[in-house]
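The values are calculated or read from the model by the stated rules, or taken from the named source; none is laboratory data. Everything quoted here is computed from the prediction, not taken from an experiment. Counting neighbours? That spans all protein chains shown, and the Cβs are built from the backbone with ideal geometry, glycine included. Accessible surface areas use protein heavy atoms only, side chains included; no ligands, DNA or RNA. Shrake-Rupley method; radii C 1.70, N 1.55, O 1.52, S 1.80 Å.
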Amino acid sequence: RTSPPQLLTFFTMTSKFSTSTNTTNEDPREPNNCPPLTLSPDLTTERLKSSFNPLAITNFIDGSADATSKRRLLESWIIRDPTGVFSNDDNNYLHRSERHTRALAKFVRLVELSRAAGVGGKKSNNTSSSSTAVNHLEGEIIATPEFLTLVNAISDDPFPTSLHWVMFVPNILTLCDAEQQAQWLPLCRDWKMIGCYAQTELGHGSNIRALETTATFLKESQGAAPGGEWVVNSPTLTSTKFWPGTLGKTANHAMVIARLIDGSGVDHGIHNFLVPLRSMEDHTLLPGVETGDIGPKIGYNNMDNGFARFENVRIPRRNMAMRFAVVDEEGVYEKVG
């Protein structure tokens, strides 16, 4: 696939933004600085009659003239992308399944553009323009302001992958210990592990004290794998996870909020557990996991809000988020810090 010529020189160009101020109306989003064909001539005429400088207002809202220049450059990647995948012209005429597939294609293309530009990547000491490109995602695309600008420029419903960076990765960063982060974050950054946040239940909404999903500790001496395991269950119909975004079709992992039952059978309330849903090789559902899409909605139809039920799903002991609480191999619970 081709990429806009600006991509491989992204950091070279954006470095100029910090040393110069753009006081012209130059706009990389429109070839030859021509307004879009869909813009009313009457609107253009009225804008020319304004008593203030529209660009100055734009710079003020963006924070600076440099910030405006940078935003416009990023938006031009979407507007002028030669693949045409970012077009929203026929959104209202697509079946919901087609909307989901199209949105995934947009997201894949967005990651391609970001990787080609080195967004979130580690800059090389080599100053040649091609050195900024990264073939393997080493950095955190989703943590950069450039990524959020690009997402906003697409002007569509949220991506099916949105909950991955909005809630799943932040949960790992906030609640998991350093060893767990070192294991899981590289998979998240390379989109091998795509996650969602499974808290809401059919019978309880977000009333977290009433959640019923359980994660019960099983010792190695009781038949668990070495080090012990958690057995995740949905004991009732009302414990069905219902409505989490990205869960229905897209995610292969979920940060599941469940009641922790330790090795002595004591309920310690809700905790976070990383539960595999689908194979990272072929995306097939894993044993004991039942999940799917909840169907069309009034809006947000790119997003696959879903349901999930668990029947004796076993996960390693260390799949419990362990920054602030731990359970040892004998099932003994202890708070940390």
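Placing +1 on the Cβ of every Lys and Arg and -1 on the Cβ of every Asp and Glu, with nothing else charged, gives segment 227-337 a dipole about its Cα centre of roughly 360 debye. Karplus-derived 3J(HN,Hα) values for segment 324-331, using 6.51 cos²θ - 1.76 cosθ + 1.60 with θ = phi - 60°, are 10, 7, 9, 10, 7, 5, 9, x Hz; glycine and proline are entered as x. Accessible surface of segment 238-337, 1.4 Å probe: 54 percent of it comes from carbon and sulfur atoms.
Taking the Cα centre of segment 165-273 as origin and assigning +1 to Lys and Arg Cβ atoms and -1 to Asp and Glu Cβ atoms, the resulting dipole is close to 340 debye. Summarising the label geometry, the points placed 7 Å from Cα in the beta-carbon direction at residue 328 and residue 297 lie 4.4 nm from one another. With θ taken as phi - 60° and the coefficients 6.51, -1.76 and 1.60, list the Karplus ³J(HN,Hα) couplings across segment 244-257 in order, rounded to whole Hz; mark glycine and proline as x. Result, rounded to whole Hz: x, x, 6, 6, x, 9, 8, 6, 10, 9, 9, 8, 8, 8.
Between amide H atoms placed 1.01 Å from N, distances below 5 Å from residue 254 occur with 196, 275, 277, all of them 5 or more places distant or on a separate chain.
The label point for residue 183 and the one for residue 91, both projected 7 Å from the Cα toward the Cβ, are 4.0 nm apart.
Accessible area per residue for segment 203-310, computed on protein heavy atoms with a 1.4 Å probe, is 42 Å². Take every pair of alpha-carbon atoms less than 8 Å apart whose residues are at least six positions apart; their mean separation over the length of segment 141-284 yields a relative contact order of 24 percent.
Once you reduce segment 321-337 and segment 161-190 to the center of their Cα atoms, the two points are 19 Å from each other.
The chymotrypsin sites (Phe, Trp or Tyr not before Pro) of segment 48-100 that DSSP puts in a loop, and whose beta carbon has at most 15 other beta carbons within 10 Å, are 52. Phi angles across segment 59-73 convert, under the Karplus curve 6.51 cos²θ - 1.76 cosθ + 1.60 with θ = phi - 60°, into 3J(HN,Hα) values of 4, 5, 5, 6, x, 5, 5, 4, 5, 5, 4, 5, 4, 5, 5 Hz, Gly and Pro given as x. One chain, two ends: residue 67 and residue 311. Fully extended at 0.36 nm per residue, the span grows by 82.8 nm beyond their Cα-Cα distance.
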